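The values are calculated or read from the model by the stated rules, or taken from the named source; none is laboratory data. Here the structure is a predicted model, which means the values were calculated and not measured. Glycine gets a Cβ as well: all are built from the backbone with ideal geometry, and neighbour counts include every protein chain shown.
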């Protein structure tokens, strides 16, 4: 390819782009956040159920590879992601090792968005950070519901009810508190590893000093604004697109090269 | 996290949830069931084609990782899955090792749902179990159709025609029988392994005695209603969310640990 | 299964199928072509953004596993794929190793379709082959945009603006040329390996002699129209469903068995 000198045409002042707050919010969507596996046969069944109960409502697949069994990491990841997605959506969240046992099920309204799923801590960080919340327990199991697939048989119909304004309904009762609660603080651990090997931590970057170094797996890692600011192969931390401290290696796979995984503790030096 | 005592708020009587049969059925969707690979570039081309011929019709991705080349397993898996998805959809099914050869192509109407795809046995179990069927052969190949991608060039336009009520049309002719037929009986084999390693068999659980043990790969496996009823690491069979006998290991990977794969024979002890 | 003699019911004259050119083109869709990873958490964020700025517009996931860092291969792959998808769509393309640096960003209109993404060569083949083009540089970064996720924060809002007829707008300025250009010629390399192991080359098959052999990784490979024309295990090249010369092995994995990967040079013997 021939290449002319590239010109930076992106103005840092934002040009004429509207600020997100000025945006129309659009119709309510149902946003899925699960450990069902993106390629398996569970997600499609949930979508078919949503289509049946809430025809015409958009379904957005945010993530189906949530680290399984790690509810605490999932709770912090979801709390970070929803900040960027706009208000008013219905989140159907399923990380549910206790499905089929007596764990409670919940509908949470927090700061204008809705959350439907198991009451096992998955929404606890969102609730703890919210300025305002309302909480309902789900009671009743639809006839014929599978004990192993509440995502399809209980949470999807309930999320559809919220999205179609059939809420509150007779299948819920108000409650004052989540059954499993958490504090609003950050989680100083790796909470997600993306397919490039970049490691999300549960530490919010806003307010963190750019002079700070992150310690993880025996390494001390400096800040950079973008990958291009460090030499190839060098580790860095930066504020990622979800507002979290993320550990990465320019042109490398940080998780593998630094020995990090979901649950690895991190700390400021 | 702090945890209060969880309360079982799910009433087994169903609370106020509507029974599935009482549900409005919603608009017709096109449901995809293929071996195209979820992450490859084929599915999006099919969806673009559907969008062109049936704009506005919802497309649901049920499964794109159907075990390739195993039409018999796929036929039993599809028959189990459609039971839970509601009537009136158009299923576009493609497991088609014979694409480009002289195998026939078909539109099947069975018990109120529609099936479009190769006439190679993929829909044979559904047809054999249906109370009523109508069958049409697809004749003609659209100009410029690829000999290797009938899913995009023949089946997608035909599924779209059904979904938009442009059916029957001049590209089909009624026929009395599928070209490749099967009986209605269960298939005593592993027909699908999910990403947790759980093994679907082709045996319908309804009517099976919970006292029965399943024999597979030299092991004898007892029933449990849910995983939590067996010790961690112990194998169990249970009625899965699609109504099939499924072999699993609590907190384990049954396929790997028991040596099971699609095609492994199973039997009642 | 019992099997009656299959009958070829597909008429090569096309039967009554409408030719693609006669089709209604349907509403404009936004088609995604990225290296974000199909199963990661980036695609859903882009879709949520599109839903916010262009509610109701269909989003089609063409490919999210574009070979990373190989812009040239991606450019040829995209050029081949769009030929079969119909006119009038908005392609949001992201293969963007330079995100966060001074590389330019662009909106291209070429032969009735639209392309939004980095101006790094990704759309250069399409532009070079188009009968007519119009080009706009994107200027301005929305307030709060992440320096590492222009797909979500710049390209998605711009693609939505095009799809909703809010274009050209004050965030673009016309320009005469792409910053990174390419010629219209084929690319004699492997440009994509699908999940079956079949190897797309960047050579268009139209006009290629079926008597020609393709040389790749020290092997010479003959033409066949379909897989069934060669013995199992034998390599072949054929015109694939995107109009490209593709190297495959009947019932085999050509990439692994022939030692091919994205970037491997190929040539006519």
When residue A:69 is run through (1) under 27 Å from residue A:264 (Cβ atoms); (2) in contact with a strand residue (DSSP E or B) (Cβ under 9 Å, 6 or more places away or on another chain), the failure sits at (2)
On the basis of being more than 17 Å from residue B:35 (Cβ to Cβ) and either in contact with a strand residue (DSSP E or B) (Cβ under 7 Å, 6 or more places away or on another chain) or modelled with pLDDT under 95 (or both), does residue B:205 make the cut?
yes
Does residue B:78 qualify as being modelled with pLDDT of 95 or more, assigned to a loop (DSSP other than H, G, I, E, B) and crowded, with 24+ Cβ neighbours inside 10 Å?
no
Tally, over segment B:54-67, of residues that are more than 22 Å from residue B:160 (Cβ to Cβ) and more than 8 Å from every other protein chain (Cβ to nearest Cβ):
1
If you scan segment B:235-261, which residues turn out to be touching a strand residue (DSSP E or B) at 6+ places or on another chain (Cβ under 7 Å), assigned to a loop (DSSP other than H, G, I, E, B) and away from every other protein chain (no Cβ under 13 Å)?
B:260, B:261
Look through segment B:221-234, keep the residues that are facing chain A (nearest Cβ under 9 Å) and part of a loop (DSSP other than H, G, I, E, B), and return whichever of them is farthest from residue A:101 (Cα to Cα).
B:225
Output yes when any residue across segment B:142-156 is free of Cβ contacts under 8 Å to residues at least 60 places away in the same chain, more than 7 Å from every other protein chain (Cβ to nearest Cβ), buried (at least 24 other Cβ atoms within 10 Å of the Cβ) and more than 15 Å from the chain's Cα centre (by Cα), and no when none is.
yes
Residue check, residue C:17 crowded, with 23+ Cβ neighbours inside 10 Å, over 21 Å from residue C:165 (Cα atoms) and modelled with pLDDT under 70
yes
Number of the condition not met by residue B:198 [criteria: (1) touching a strand residue (DSSP E or B) at 6+ places or on another chain (Cβ under 6 Å); (2) closer than 29 Å to residue B:103 by Cβ]
(2)
Do we find a residue being at the interface with chain C (Cβ under 8 Å from one of its Cβ atoms) and without any contact (Cβ under 8 Å) to a residue 40 or more places away in the chain anywhere in segment B:159-169?
yes
Which one is surrounded by the most Cβ atoms within 10 Å (Cβ to Cβ) among residues in segment C:36-70 that are assigned to a loop (DSSP other than H, G, I, E, B) and within 14 Å of the chain's Cα centre (by Cα)?
C:66
Filter result (closer than 17 Å to residue A:242 by Cβ, in contact with a strand residue (DSSP E or B) (Cβ under 7 Å, 6 or more places away or on another chain) and assigned to a loop (DSSP other than H, G, I, E, B)) within segment A:81-90:
A:85, A:87, A:89
Name the residue that is farthest from residue B:42 (Cα to Cα), counting only residues in segment C:197-220 that are in contact with a helix residue (DSSP H, G or I) (Cβ under 8 Å, 6 or more places away or on another chain) and either within 14 Å of chain B (Cβ to nearest Cβ) or not in a loop (DSSP other than H, G, I, E, B) (or both).
C:219
Odd one out for residue A:183 among (1) in contact with a helix residue (DSSP H, G or I) (Cβ under 8 Å, 6 or more places away or on another chain); (2) buried (at least 17 other Cβ atoms within 10 Å of the Cβ); (3) at pLDDT 95 or above:
(2)
Can you report the number of residues in segment B:91-141 which are at the interface with another protein chain (Cβ under 10 Å from one of its Cβ atoms), assigned to a strand (DSSP E or B) and touching a residue at least 60 places away in the same chain (Cβ under 8 Å)?
1
